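Here the structure is laid out as structure tokens; the discussion comes afterwards.
Values in this text are rule-based calculations from the coordinates and carry no lab data. These figures come from a predicted structure and were not determined experimentally. Cβ sites come from the backbone with ideal geometry, for glycine too, and all protein chains shown count toward neighbours.
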Amino acid sequence: MARLLYSLVFYLLISFALLRLVLRSLRAPAYRRRWGERFGFFRLPADWKAERQPIWIHAVSVGEVVAAAPLIDALLARYPDRRIVVTTMTPTGSERVFTRYGDTVFHVYLPYDLPGSMARFIRKLNPALLLIMETELWPNLLHQCRKAGCRTLLVNARLSSRSARGYRRLGPLTRSMLTNLDLIAAQADPDADRFIALGAPAERVEVIGSLKFDITPPSIKEAQLPPVFHGLAQLQRPVLVAASTREGEEEKVLTAFRQCLDQEPALLLVLIPRHPERFNSVARLCRDRGFTMVRRSDNEHCEQSTQVLLGDSMGEMWHYYALADLAFVGGSLVDTGCHNVLEPAALGIPILIGPSRFNFETICNLLQQSGALIAVADEHDLAQQVLHLLANTPWRQSMGEAGKRIVESNRGCLRRLLSLIEAQLAD
């Protein structure tokens with residue numbers, strides 16, 4: 001009954017969902033394309049073989065696609081006779097899948113969670129197994145998978161206390177979703193405990209760690225980098241990378257940066273907004289604040305006079321982090337829960353975050369306890385910590401080494417996850 005009521009409400013609100021697509025397309029035109037896929041209408045590749053039931057990974061957006069990359073790579077190698085399907089909800093996630101995998105995987109948008117759309121989608125795809133990254137739970141998706149005989153695993157599963165409170169309000173709907181899952185592979189004990197408290201059967205919950213620890217930084221040679229990155233090392237300037245910043249956060253980062261320039265005038269800020277539709281507005285903000293700026297998209301070299309390098313590109317986060325002496329990870333000076341702190345940790349870069357960390361709470365706590373991460377209260381505290389770290393090279397090195405140790409010692413989730421997947425496919 002709870003799912004039927006949910007579906008009715010979703011049908012009533014679908015016009016607002018379409019309006020939201022239109023509004024978002026004003027800044028990101030890709031949102032006005034491929035609407036048929038949002039309702040389960042899509043074309044299969046010409047060489048699709050229906051009898052070879054695919055393995056399906058759902059990764060809602062860019063962050064989840066990045067986290068899923070080691071898993072997707074391993075599945076492609078381990079199951080060459082099966083199609084690997086990757087669904088996302090956002091154009092940026094879609095672009096990342098196409099950029100990294102091309103036609104080696106089949107990509108399509110996940111449809112809206114309407115009974116008809118989801119049934120049509122799953123019937124056409126005929127998957128053997130669905131791997132849902134993190135906590136992207138949809139009642140009709142899970143119901144239709146159960147009905148079609150498709151096994152479902154919640155992978156890299158995390159559940160903050162804040163999210164758990166939201167799911168608890170849904171009562172029977174949450175319990176039915178969790179009981180429809182065949183397995184929950186949780187990141188940590190607190191995540192597992194929250195899932196069980198919400199109604200997940202304890203025997204279907206396993207703690208295997210975070211897939212994000214299994215990242216491998218690419219080997220980056222300067223000769224292979226775009227021109228804008230060339231020569232930065234020769235400038236011998238300290239570099240602060242502010243990565244994945246959100247709306248309202250760039251103003252705070254630029255305020256902190258201005259305070260830093262009073263004592264460290266050679267400091268270069270590499271500012272990378274989270275969403276591409278905001279690149280132009282952030283560029284205007286930098287100019288309005290009076291900073292000399294180079295945009296990555298213009299392919300110009302940074303000079304001694306350049307104060308801000310705007311990272312207005314996709315898929316180059318490792319390139320940006322490779323420049324860094326310090327990394328501030330965004331989504332944390334505004335209340336959006338922080339973004340991926342393990343990328344700079346894997347490269348041995350000292351990490352700074354703001355007070356909001358609920359998306360990466362367990363990992364941030366681990367890094368902070370090891371001395372690899374510092375949490376700041378606000379933009380003024382951020383400026384002070386940046387200055388303290390720039391003045392203390394041994395401290396920065398110690399933080400970076402601690403971060404690398406944490407990443408290395410927590411690897412192994414992928415191996416355990418592949419064993420679970422193999423068991424589900426065998427069943």
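Relative protection proxy for 103-109, 245-251, from highest mean packing down: 245-251, 103-109 (other beta-carbon atoms within 10 angstrom). Between amide H atoms placed 1.01 Å from N, distances below 5 Å from Leu183 occur with Thr152, Leu154, all of them 5 or more places distant or on a separate chain. So for the stretch 54-124, considering every pair of alpha-carbon atoms, how many percent are separated by more than 15 Å? When all Cα pairs of the stretch 54-124 are counted, 51 percent exceed 15 Å. Working note: Cα atoms of the stretch 76-203, range along each principal axis, descending, whole Å: 41, 31, 28. When the helices of the chain are scored as -39500 (n - 2.57) per DSSP H run of n ≥ 4 and the total is divided over every residue, the value at 222 nm lands at -13500 deg cm²/dmol. Looking at the square roots a ≥ b ≥ c of the eigenvalues of the Cα gyration tensor of the stretch 290-389, which shape do they give, rounded for a/c under 1.5, prolate if a/b is larger than b/c, or oblate? Prolate is the answer for the stretch 290-389, as a/c is 1.5 or above and a/b outweighs b/c. Among the GluC sites (Glu not before Pro) found in the stretch 320-405, not one is both in a DSSP coil and sparsely packed, with 13 or fewer other Cβ atoms within 10 Å of its Cβ.
A dipole drawn for the chain from +1 and -1 charges on Cβ atoms has a positive end, and of Gly248, His275, Thr135 the residue lying farthest that way is Thr135. For the stretch 154-168, backbone phi angles converted through the Karplus equation (6.51, -1.76, 1.60; θ = phi - 60°) give residue-by-residue couplings of 8, 9, 6, 5, 9, 8, 6, 4, 5, 5, 4, 4, x, 5, 4 Hz, Gly and Pro being listed as x.
Placing +1 on each Lys and Arg Cβ and -1 on each Asp and Glu Cβ, with no other charges, gives the stretch 284-423 a dipole about its Cα centre of roughly 320 debye. With a simple spin-label model that places each label point 7 Å from the Cα along the Cα-to-Cβ direction, the separation between Leu261 and Asp427 comes to 5.9 nm. Using only Cα atoms, locate the centre of the stretch 384-427 and the centre of the stretch 257-281, then give the distance between them in Å, rounded to an integer. So the separation of the two Cα centres works out to 26 Å. Along its three principal directions, the equivalent ellipsoid of the chain from the Cα gyration tensor extends over semi-axes of 38, 24, 21 Å, largest first. In the elastic network of the chain, a GNM with C-alpha springs shorter than 10 Å, the most mobile of Arg146, Arg27, Arg162 is Arg162.
Applying a 4.7 Å cutoff between beta carbons, the unpaired cysteines of the chain are Cys260, Cys286, Cys302, Cys338, Cys364, Cys413.
Binning all Cα-Cα separations of the stretch 201-304 at 5 Å, short to long from zero, yields these whole-percent fractions: 2, 9, 16, 19, 17, 13, 8, 5, 4, 3, 3, 1. Here the Gaussian network model covers the chain, with springs between Cα atoms less than 10 Å apart; of Gly166, Gly337, Gly209, Gly166 fluctuates the most. Between 0 and 90 degrees, rounded to the nearest ten: what's the tilt of helix 361-370 against the longest Cα principal axis of the chain? Once rounded, one gets 40 degrees.
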